[in-house]
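Heads up: the structure comes next, in C-alpha cells.
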Amino acid sequence: MDSNLKVFALGGLHEVGKNCYVLEKNGDIIIVDCGIKFLNNNNLADGTVPNFAYLLENRSKIKGLFITHGHEDHIGGIPSLLQLIPTIPIYGSEFSISLLKKKIRGGTTISATIFHDEPITTGEFRVDFFRVTHSIPEKFDLVKLAETGKRGVDLLLSDSTNAEVEGTTPSEAKVVKRLENIITEATGRVIITSFASNVYRLKKVIEIAKKTSKKIVLLGSSLLRMIEVINKASL
Ligand SMILES: [Zn+2]
C-alpha cells in the first residue's frame, strides 16, 4: 500500500453515528461521509457532529467529500461542516444528493456531483464505487465488487452497526413479517416509529397498510422530506 497514504476517522469508530473518515495523500484530502450522532434524549433534532478542527486547519487540502449513502449517520453532519467550509465539492448517488439538498436550508448552494459507474479523479485520488444492499435504495453490484477484489485490495474498511457483537442479526424480511402480523391483527390504530431514512421498511409498512385497508398518516419533518425525495426519484 502507498506509504504516503493516511487514513483516520473523525467519528464513527466504536460508536453508532457521526461516521466521518479522512484519507490524506501527498497534501490532498478526501472525506468519506459526515454523519450525525443522535443523543439519547428522544429528540431526533438534537445530535453531535464530528470534530472538524483537523479539516478546518487543512481546509485548502480538501478535494472532496464522498457520501456512501443517505442515512443520517452518514450525511447528517454535512450542513454543519458546510457552515464552516462551504466550498467542499460533494459526490454521491442521485438519491443521497437529493436527500442532502433537502437538508441544506437557508439558501446555501452546494457543489454536488452525482456519481454513476465511472470513477472520479480528484487530486491524488481516483475514487470508484460499487452499489451495496442496505436499508436505503441501491442494488448490490456483486460483479463490480468481485472485479475490484480480483485487482487486489490493500485495505478493507467496512462499516456495520453492531459488527463487534457476536451472533447474527435477523433479516429485514423477518421484521417485515412480524410487522405485517401486528398490523393485520390490530383492530385499531397502529403507531410505528422508525428512522425516516429506513426507506425499505417505510415502503413495506405502506404496502402492508394498503393491503389491510388502513389509512396512512405520516408525521415528522424528516419523514415528509423523505417521502418527497422518494416520489421525485420514482423508486
Ligand atoms: Zn446506513
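The values are calculated or read from the model by the stated rules, or taken from the named source; none is laboratory data. Remember, predicted model here, so these are calculated numbers, not experimental data. With ideal geometry, Cβ positions are generated from the backbone for all residues, glycine too; neighbour counts draw on all protein chains shown. For the accessible areas, the whole protein counts, side chains as well, though only heavy atoms, and no ligand, DNA or RNA atoms are used. Shrake-Rupley method; radii C 1.70, N 1.55, O 1.52, S 1.80 Å.
Of note:
- Meets criteria (within 16 Å of the ligand (Cβ to nearest atom), in a loop (DSSP other than H, G, I, E, B), in contact (Cβ under 8 Å) with a residue 12 or more places away in the chain and farther than 25 Å from SER221 by Cα) for PHE140: no
- Residue in region 164-177 that is part of a loop (DSSP other than H, G, I, E, B), under 15 Å from SER213 (Cα atoms) and modelled with pLDDT of 90 or more present: no
- Of the listed requirements (1) within 16 Å of the ligand (Cβ to nearest atom); (2) surrounded by fewer than 24 Cβ atoms within 10 Å (Cβ to Cβ); (3) not basic (Lys, Arg), HIS71 misses just one: (2).
- Selection from region 143-160 of residues that are more than 16 Å from the ligand (Cβ to nearest atom), surrounded by fewer than 10 Cβ atoms within 10 Å (Cβ to Cβ) and free of Cβ contacts under 8 Å to residues at least 40 places away in the same chain: VAL143, LYS150, ARG151, GLY152, VAL153, LEU156
- The single condition among (1) outside any loop (DSSP other than H, G, I, E, B); (2) modelled with pLDDT under 95; (3) more than 16 Å from the ligand (Cβ to nearest atom) that GLY64 does not meet is (2).
- Hey, TYR54 over 19 Å from SER158 (Cβ atoms), more than 16 Å from the chain's Cα centre (by Cα), hydroxyl-bearing (Ser, Thr, Tyr) and away from the ligand (no atom under 16 Å from the Cβ) or not: yes
- Helices (runs of 4 or more DSSP H) (entirely within region 72-131) containing at least 3 residues that are without any contact (Cβ under 8 Å) to a residue 40 or more places away in the chain: 78-84, 94-103
- Enumeration of residues in region 81-94 that are closer than 16 Å to TYR21 by Cα and either within 15 Å of the ligand (Cβ to nearest atom) or open to solvent by 40 Å² or more (accessible area, probe 1.4 Å) (or both): GLY92
- Criterion applied to THR133, THR122 was being open to solvent by 70 Å² or more (accessible area, probe 1.4 Å), farther than 17 Å from ARG225 by Cα and either at pLDDT 85 or above or not acidic (Asp, Glu) (or both), and the one residue passing it is THR133.
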